[in-house]
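A quick write-up on the structure given underneath.
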Amino acid sequence: VAPDHPEVKNVINTFTQTAQQPRCSFYGNVNVGRDISMEELQQAYHAVVLSYGAEGNRAMGVPGEQLAGVYSAKNFVGWYNGLPSCGQLSPDLSCETAVILGQGNVALDVARILLTPVDMLKKTDITTPALDALAASRVNRVLIVGRRGPLQVACTVKEVREMVNLPGTKPEMVAADFDGVVDALKDVARPRKRLTELMLKTALEPPSQKEQERRSSAHRSWAFRFYRSPLEVLPDTCGERVGAIKLAVNRLEVQLGARALLTGEEEVVPCGLVISSIGYKSLPLDPALPFDHNKAIVPNHMGRVTQATGLYVSGWLKTGPTGVIATTMNSSFDTARSLLEDLSSGLWTCPWRGLALSGSELCSTREVWMTIVTAAFNPPPPADVMKWCSSLYKNSDTDLF
């Protein structure tokens, strides 16, 4: 969650109400597949719900993506949110142009954080190291690149509106990217229509006098770049850092479901920072866990894991990395209904015994979790927080709730 979107984090209040019930136990810092197996979990409980998300990154699969200055959006977001595992990222923001690959909400979050005035960021809960780095940043132009067109962007109208109205910035769209879009609007759903109309207005309509004055005084810019796919990340003159990115120019084949096809044209965009936001993917926890490696999900029907009685799945592990928070919530409600239906039908007949983890040295209990929550609202010095959190979650890859 972006640090300037505190309202989204209110979900923690609902989680807290549930977690404080005496029937709910919390065991953190437990790595399923290493500290405990799936088989042990299934033997200990009537039902096991897997909801550990999508922590893997989809690689670009192009030459040069290993160069310094190329980051995954997952790690970049973890850096400015203070995730201990990303604390040492220290991205170099000394360049003028940043290219973000992908046009979903995460991509726009990253673009917005890169361009937001520091005085505004100071009012958020962004980490101090990230704030200091962004204060010294020389990035003043961000290109948000996608392989298809305006009608296929994966972001929401809220995220685009925030970019359009971001103080100190101006949009720099390519008008030709919107050819034929107006005619296609009549066949799209209302949310997509509102989003596209906002982009059309931003790209094609003359701004009001007030808006023109605002844009004229802006010293930073951003833009969508449509119909582009990465071909290669090019090094700078020293050969170690990113110096540019080579993009393929695409066209859409509508009869193939708006599939992006190469035209044979290419272009090179000079830049010093490349952030890949082309998607996340779930990873299997345990060899015993049914897993579809092509789709990167646990195969299921309405949340019931295929051929595994008592095993359920929710979130992106169930559906793949798609939709917004409300989409995932509704999908998770479906999983809960499936679980309750199985409970009512008498599917579970074996007694349950639970796990004796509360005395384990590797386990973090609810009391430890509440200490973290308290520290978040009454924080000690930043250096102490990072040191404490790092020691608490050292070697922790996946938490069990």
Item to check | region 18-39, residues that are within 18 Å of residue 285 (Cα to Cα) and surrounded by fewer than 15 Cβ atoms within 10 Å (Cβ to Cβ) | outcome: 34, 39
Checklist outcome for this item: Of the residues in region 147-172 that are more than 16 Å from residue 200 (Cβ to Cβ) and touching a Lys or Arg at 6+ places or on another chain (Cβ under 7 Å), the one that is surrounded by the most Cβ atoms within 10 Å (Cβ to Cβ) is 169
Next on the checklist: Any residue that is assigned to a loop (DSSP other than H, G, I, E, B) and open to solvent by 70 Å² or more (accessible area, probe 1.4 Å) - is there at least one of those in region 252-267?
Outcome noted: no
Next on the checklist: Here's a check for you: in region 49-65, which residue that is open to solvent by 40 Å² or more (accessible area, probe 1.4 Å) and not aliphatic (A, V, I, L, M) is farthest from the chain's Cα centre (by Cα)?
Outcome noted: 63
Checklist outcome for this item: Residue pairs within 8 Å by beta carbon, gap of at least six or interchain, first lying in region 189-214 and over 13 Å from residue 170 (Cα atoms) and among the β-branched types (Val, Ile, Thr), second open to solvent by less than 100 Å² (accessible area, probe 1.4 Å) and outside any helix (DSSP H, G or I), listed first then second, are 196/188
Checklist outcome for this item: So, first residue touching a residue at least 60 places away in the same chain (Cβ under 8 Å) in region 228-250, second residue surrounded by 18 or more Cβ atoms within 10 Å (Cβ to Cβ) and among the aromatic types (Phe, Trp, Tyr), Cβ within less than 8 Å, six or more apart or across chains; the pairs are 250/227
Item to check | Qualifying residue in region 131-139 (condition: touching a Gly at 6+ places or on another chain (Cβ under 9 Å) and either open to solvent by less than 30 Å² (accessible area, probe 1.4 Å) or of a type in the set (Val, Ile, Thr) (or both)) | outcome: yes
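Would you call residue 181 touching a Pro at 6+ places or on another chain (Cβ under 7 Å), of a type in the set (A, V, I, L, M), over 28 Å from residue 7 (Cα atoms) and at pLDDT below 95?
In short, yes.
Look through region 87-128, keep the residues that are assigned to a helix (DSSP H, G or I) and of a type in the set (D, E, K, R), and return whichever of them is most open to solvent (accessible area, probe 1.4 Å). Before the answer, list the steps.
The initial filter retains those residues of region 87-128 that are assigned to a helix (DSSP H, G or I), namely 105-115, 118-121, 128.
If we keep only those that are of a type in the set (D, E, K, R) as well, we get 109, 112, 119.
On the way: 109: 22, 112: 5, 119: 107 Å².
Ranking the qualifying residues of region 87-128, first place goes to 119.
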Checklist entry - Just a yes or no: is a residue in region 278-285 aliphatic (A, V, I, L, M), surrounded by 13 or more Cβ atoms within 10 Å (Cβ to Cβ) and touching a Ser or Thr at 6+ places or on another chain (Cβ under 8 Å)? => result yes
Checklist entry - Would you call residue 243 among the small types (Gly, Ala, Ser) and over 23 Å from the mean Cα position of the chain (by Cα)? => result yes
Checklist outcome for this item: Over region 66-84, the set of residues surrounded by 18 or more Cβ atoms within 10 Å (Cβ to Cβ) and in contact with a strand residue (DSSP E or B) (Cβ under 7 Å, 6 or more places away or on another chain) is 69, 70, 71, 72, 73, 74, 76
Checklist outcome for this item: Of (1) in contact with a strand residue (DSSP E or B) (Cβ under 7 Å, 6 or more places away or on another chain); (2) more than 24 Å from residue 228 (Cβ to Cβ), residue 111 satisfies every one except (2)
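The values are calculated or read from the model by the stated rules, or taken from the named source; none is laboratory data. Only a predicted model underlies this, so the values are computations on that prediction, with no experimental measurement involved. Positions of Cβ are backbone-derived with ideal geometry, glycine not excepted, and every protein chain shown enters the neighbour counts. With ligands, DNA and RNA removed, areas are computed over all heavy atoms of the protein, side chains included. Shrake-Rupley method; radii C 1.70, N 1.55, O 1.52, S 1.80 Å.
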